[in-house]
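Engineer: A single structure is presented below for examination.
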Ligand code: AQP
């Protein structure tokens, strides 16, 4: 039996290289080996301030990029979270069995709530219960994500275990799957912070739709340090980040990469990396423009995803409602 894989991305801005290397590229690589479910998690994007028109636009852009990066609708169910209302139904049921202390420990909530202070929404606090619902609704075995989502996937697993203990065996226990290289791409402007869609600033991230000239410019300005040697040293986060991106895209070993840059300067590293990034993104961008020129294709893919998932959604929810005494 094939392992069932679920993952999703928030439509909270344009996808960046971190989303590609930490998530989508791995989904594409494994899609023949697994039974795949990939979602655009729009209800997670509304836990912070947002513009409805921009959200609608981002959802379509994200689906276009899923397809352009190589997800094949024949091998994957692709859909939008809000098109399957059971996600929020199950999230409410999980809210009722999630101890507050579990949510208070989530580092992403702590970081985000510090930025927003009294504006912070209840939805942002209970976000991990919705994410657990996303994953557990499909009886998921594996959740391929970047390093930043590990804690949330572990909470989903803990909730599955708690539910099974309280109400009887109902959910599969999911595992996070995190690749060794590319699981935490850092910001180019500040390599101590992860590259993120919602971080402002021209020099922060490389967008999957950035044109070549912009990629060269952003990388030429990436923060490095005042040393000279080009080696993988985590104590030098700027150079380490650039080398890690190089490793993820070239598939070469650390030793090969260090040998390639021996005696060379940062300008060479940034220049070579820019060409590698451009070569990886060019075919994705070409496919993206082709796909989005026929918007009805995206609607068709999304509708097909929902239809394909309906039986699984209904069978899980029937068991959950019965187990909890709601039917
Ligand atoms: N920098 C990253 N490096 C590697 N993987 C990453 N992911 C996100 N950032 C990196 C992975 O991409 C998937 C989608 O995550 P997301 O929608 O939370 O993306 P984001 O860029 O983190 O978006 P936001 O809106 O800026 O979110 P916040 O501010 O909440 O982090 C996940 O698999 C994630 O691990």
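Engineer: Using 7 Å Cα-to-Cβ label points, what is the residue 158/residue 114 separation (nm, one decimal)?
Structural biologist: For residue 158 paired with residue 114, the spin-label model returns 2.0 nm.
Engineer: Here is a follow-up. So if each residue of separation counts as 0.36 nm, and I subtract the Cα-Cα distance between residue 193 and residue 233, what length gain in nm does that give? Intermediate values should be presented prior to the final figure.
Structural biologist: On the way: separation 40, 0.36 × 40 = 14.40 nm, distance 1.66 nm.
Residue separation times 0.36 nm, minus the Cα-Cα distance, leaves 12.7 nm.
Engineer: Still on this model: P(r) for the stretch 212-289: what percent of alpha-carbon pairs falls in each 5 Å bin, starting at zero?
Structural biologist: 3, 15, 27, 26, 16, 8, 4, 2, 0
Engineer: May I pose another question? Would you calculate a helix-derived [θ] at 222 nm for the chain, using -39,500 (n - 2.57) for each DSSP H run of n ≥ 4 and dividing by the full residue count, to the nearest 500?
Structural biologist: On the way: 12 runs with 168 residues, N = 327.
It comes out at -16500 deg cm²/dmol, rounded to the nearest 500.
Engineer: Give the distance, in whole Å, between the Cα centre of the stretch 271-327 and the Cα centre of the stretch 62-79.
Structural biologist: Comparing the Cα centres of the stretch 271-327 and the stretch 62-79, I get a distance of 5 Å.
Engineer: Hey, another quick one. Using DSSP, restrict attention to beta bridges with both residues in the chain and report what percent are antiparallel, rounded to the nearest 5.
Structural biologist: Taking every DSSP beta bridge within the chain, about 10 percent pair in antiparallel fashion.
Engineer: Springs between alpha-carbon pairs under 10 angstrom, Gaussian network model over the chain: which of 87, 44, 75 fluctuates most?
Structural biologist: 75
Engineer: Which whole-number percent gives the relative contact order of the stretch 212-289, counting Cα pairs below 8 Å spaced six or more residues apart?
Structural biologist: Details: 66 pairs, mean separation 28.1, N = 78.
With pairs under 8 Å counted, the relative contact order is 36 percent.
Engineer: Percent relative contact order of the stretch 71-178, based on C-alpha pairs within less than 8 angstrom and at least six residues apart?
Structural biologist: Relative contact order for the stretch 71-178 comes out at 27 percent.
Engineer: In percent, how large is the relative contact order of the chain, given Cα pairs closer than 8 Å and 6 or more residues apart?
Structural biologist: Computed value for the chain: 22 percent relative contact order.
Engineer: What are the extents of the Cα atoms of the stretch 1-69 along their three principal axes, in Å, largest first?
Structural biologist: 42, 21, 17
Engineer: Next question. Let a ≥ b ≥ c be the square roots of the eigenvalues of the Cα gyration tensor of the stretch 120-181; is it rounded (a/c under 1.5), or, if not, prolate (a/b larger than b/c) or oblate?
Structural biologist: The shape class here is oblate.
Engineer: In addition: Which values of log₁₀ I(q)/I(0), to two decimal places, follow from the Debye formula for the chain at q = 0.09, 0.14 Å⁻¹ with a uniform point scatterer at every Cα?
Structural biologist: Debye output, listed in q order: -0.49, -1.14.
The numbers here are math on the coordinates, done by the rules we state, and not lab data. Here the structure is a predicted model, which is why all the values come from computation and not from measurement. Please note: Cβ atoms are built from the backbone with ideal geometry, for glycine as well, and neighbour counts cover all protein chains shown.
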